[in-house]
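Colleague: Dropping a structure here in structure tokens format, bear with me for questions.
Please treat every number below as a calculation from the coordinates, not as lab data. Keep in mind the model is a prediction, meaning the values are calculated, not measured. Ideal geometry is used to build each Cβ from the backbone, glycine not excepted, and the neighbour counts take in all protein chains shown.
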Amino acid sequence: MRDKINDQARLGLMLEAIGNIVSFMNGTYRLEDFVADKMLCHAVVYNLQCIGENVYKLSREFIASHNEVDWPSIEGLRHVLVHDYYTVNLERVWYILTDDLPLLTVQVKALLNPPPQDP
């Protein structure tokens, strides 16, 4: 039987997948270069799936208490990438990487290292 992964561990896995994407994207500054590199696209999409899967498995209590993150969109992207992969628009993926991923990175890091509570 597998151990249940808690919310903090899932956030850690999300941050790891984000780190993979950042590492894979190193030096890719144009949409045209991204779309032309099939291996890069597949690696990035896989890690986006991993992020979405971890969001999907976060506890409902955790999600409800941290509504500053757009959890439904992340989970929805996961469903498209996994179930409707043949409809994936790589230009949209590019904009998720350049516009949304930096904010998600900050949010996940903040949730992993919450500020101390006042006594």
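Colleague: Peptides 93-103, 49-59, 28-38: what's the order by average Cβ count within 10 Å, highest mean first?
Modeller: Working: 93-103: 14.8, 49-59: 19.4, 28-38: 12.9.
Order by mean packing, descending: 49-59, 93-103, 28-38.
Colleague: Follow-up. For region 7-110, what's the relative contact order in percent, using C-alpha pairs closer than 8 Å and at least 6 residues apart? Walk me through the numbers on the way to the answer.
Modeller: Values: 73 pairs, mean separation 36.1, N = 104.
Reported as a whole number, the value is 35 percent.
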